[in-house]
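Please read the structure below before turning to the comments.
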Amino acid sequence: MLTKIDSLPTDKKIAGVHCVPFTENGNILMAWDRDEQLLTTIGGRLEETENIDQALEREAMEEVGIVLGEEKIPFALWYWDSTDSYTIWFLAKVIEMKPYSFDFEKTGYVSFNFETALQLIEKIEPTNPKRTNLLKLAEECAKQHNWL
């Protein structure tokens, strides 16, 4: 279940990290997943040898060729019963967008404001409110931290 947070949980293992990258002009980025055929947040597994920042930075570079800034704000988590672990979502500022080939699971990214992102996700996934709920929490967090 998706839950709003303002700090990292300590009661269970964090196994995954994702971010909603935030550009200097106030837009967010989402990636198009080749296999799922959906727009997704950017992130993935947390390797045993990594801390959260390292994992987010690795995933952002591996998936879409972006460099994230130091400030990363946790805003949501998903609890996985099957692994008794969490996936955490962060707002993260983009400091650089590097040339990238998109040869792996992501074929590109889309830059848009929250309103357009929500409308597009609702069109692509009309029966699945999980991603729109996540974006609404991200927008709330961005406003709370004066990013918008």
Would you please give the residues with an amide H less than 5 Å from that of Leu46, counting only those at least 5 places away or on a separate chain, with H modeled from the backbone geometry?
-> Gly16, Val17
Determine how large the accessible area of Tyr109 is when every protein chain is in place; take a 1.4 Å probe and give Å² rounded to the nearest 10.
-> 80
Mean separation of Cα pairs under 8 Å and 6+ residues apart, divided by the residue count of the chain: what relative contact order is that in percent?
-> 30
Which whole-Hz couplings ³J(HN,Hα) result when phi for each residue of segment 29-34 is put into the Karplus expression 6.51 cos²θ - 1.76 cosθ + 1.60, θ = phi - 60°, listed in order with x for Gly and Pro?
-> 10, 10, 10, 8, 8, 4
With Cα extents along the principal axes in Å in mind, check (i) 58, 30, 29; (ii) 35, 34, 30; (iii) 54, 37, 31 and report the label derived from this structure.
-> (ii)
Taking a 1.4 Å probe, which of Met1, Met61, Met97 shows the most accessible area, and what order do the others take after it?
-> Met1, Met97, Met61
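May I ask you to compute the full-extension gain from Thr107 to Glu140, defined as 0.36 nm times their residue separation minus their alpha-carbon distance, rounded to one decimal in nm?
Working: separation 33, 0.36 × 33 = 11.88 nm, distance 2.81 nm.
Fully extending the segment from Thr107 to Glu140 adds 9.1 nm.
Provide the per residue accessible area, probe 1.4 Å, for the chain, rounded to a whole number of square angstrom.
Counting only protein heavy atoms, the per-residue value for the chain is 54 Å².
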Could you name the lysines in cross-link range of Lys143, using Cα to Cα under 18 Å and dropping any fewer than eight places away on the same chain?
-> Lys4, Lys72, Lys93
Between segment 87-148 and segment 1-35, what is the C-alpha centre distance in whole Å?
-> 9
Per the rule of 0.36 nm per residue minus the C-alpha distance, extending Ile5 to Thr83 adds in nm 26.1 nm
In order over segment 68-84: 3J(HN,Hα) from phi, Karplus 6.51/-1.76/1.60, θ = phi - 60°, whole Hz, x for each Gly or Pro, gives 9, x, 5, 6, 9, 10, x, 9, 7, 9, 10, 8, 9, 4, 4, 10, 6
Magnitude of the charge dipole, segment 17-148, Cβ model with Lys/Arg +1 and Asp/Glu -1, debye to 20 = 460
For peptides 120-128, 43-51, 25-33, sequence by mean Cβ density within 10 Å, most packed first = 25-33, 43-51, 120-128
From the phi of every residue in segment 58-66, what ³J(HN,Hα) in whole Hz does the Karplus formula 6.51 cos²θ - 1.76 cosθ + 1.60 yield, where θ is phi - 60° and glycine or proline is x?
-> 5, 4, 4, 6, 5, 7, 9, x, 10
Picking from Val64, Phe104, Val20, whose Cα lies most toward the positive end of the charge dipole for the chain (charges on Cβ: Lys, Arg +1; Asp, Glu -1)?
-> Val20
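The values are calculated or read from the model by the stated rules, or taken from the named source; none is laboratory data. What you see is a predicted model, and the numbers here were worked out from it, not measured in a lab. Heads up, the Cβs are rebuilt from the backbone with ideal geometry, glycines too, and the neighbour counts pull from every protein chain shown. SASA here: full protein model, heavy atoms, side chains in, ligands and nucleic acids out. Shrake-Rupley method; radii C 1.70, N 1.55, O 1.52, S 1.80 Å.
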